[in-house]
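So the structure is just underneath, and the comments pick up after that.
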Amino acid sequence: MKIGVFALQGAFAEHVQMLHRLGAEAFEIHSPADWEREKDGIILPGGESTAQLKLLHDLGLFDAVKAAIERGLPVFGTCAGMILLAKEATNDSRCRLATMDIRVRRNAYGRQLGSFHTLSSMKGIGDDIPMTFIRAPYIAEVLSPYCEVLAEVNGHIVAARQGNQLVTSFHPELDDDLRVHEWFLELC
């Protein structure tokens, strides 16, 4: 199993480490040449969605990534990655990859001081999933019946799946629990 992890900005190294712990071959995507490598899925990590979007355009990868996801390439978006995949954002009008039928709210939990950690259940995975939120968004609304809510925290949707797309508001790569990444590999 080969997974490409976008290493343009944000928490990508931690995703690579998690994938290696699960026995998957993970590689960083820094350039169009990296993008061309054979892969079974990709991860769009947390970080700053505006910076990542700009870099996708600057590298000429935006259209290729969008087309690959639309053709069914499995993708896992965490935090900023979730924002990039969302069709809409309540507080951001920038163009995104827009492949998933969700409306997100950027920085929904406030500034860095609003960051927190909790345990919650996630449909299809189990209970007591560690969830670390850092300036996190949440899903304000699911826009189609094809998108399934997987987890909620304090009345807000924090994980969802649509076809081969998985998104989380939280950062599973920052905890030791491998179950979310393992579930993504099963999608691949």
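The values are calculated or read from the model by the stated rules, or taken from the named source; none is laboratory data. Values in this document were obtained by computation on a predicted structure and should not be read as measured data. Using ideal geometry, Cβ is built from the backbone for each residue, glycine included, and neighbour counts are taken over all protein chains shown.
Side notes on the structure shown:
- Residues (basic (Lys, Arg), at pLDDT 95 or above and not in a helix (DSSP H, G or I)) located in region 132-188: 161
- Under the condition of being touching a helix residue (DSSP H, G or I) at 6+ places or on another chain (Cβ under 8 Å), surrounded by 24 or more Cβ atoms within 10 Å (Cβ to Cβ) and in a strand (DSSP E or B), the residues counted in region 80-96 number 0.
- Applying the set (1) at pLDDT 95 or above; (2) crowded, with 17+ Cβ neighbours inside 10 Å; (3) closer than 26 Å to residue 24 by Cβ; (4) not aliphatic (A, V, I, L, M) to residue 123 leaves exactly one unmet item: (2).
- If the condition is being surrounded by 17 or more Cβ atoms within 10 Å (Cβ to Cβ), part of a loop (DSSP other than H, G, I, E, B) and modelled with pLDDT of 90 or more, then region 97-116 contributes 97, 99.
- Close pairs from region 166-188: first basic (Lys, Arg), partner part of a helix (DSSP H, G or I), Cβ under 9 Å, at least 6 apart: 179/172
- Members of region 7-26 found to be in contact with a helix residue (DSSP H, G or I) (Cβ under 7 Å, 6 or more places away or on another chain) and hydrophobic (A, V, I, L, M, F, W, C), listed by number: 8, 11, 18, 19, 22, 24, 26
- For region 31-50, the criterion of a residue being under 19 Å from residue 12 (Cα atoms), outside any loop (DSSP other than H, G, I, E, B), touching a Phe, Trp or Tyr at 6+ places or on another chain (Cβ under 8 Å) and of a type in the set (S, T, N, Q) is satisfied by no position.
- Selection of region 126-151 for residues being in contact with a strand residue (DSSP E or B) (Cβ under 8 Å, 6 or more places away or on another chain), surrounded by fewer than 17 Cβ atoms within 10 Å (Cβ to Cβ) and not small (Gly, Ala, Ser) yields 127, 128, 141, 143, 146, 148, 149.
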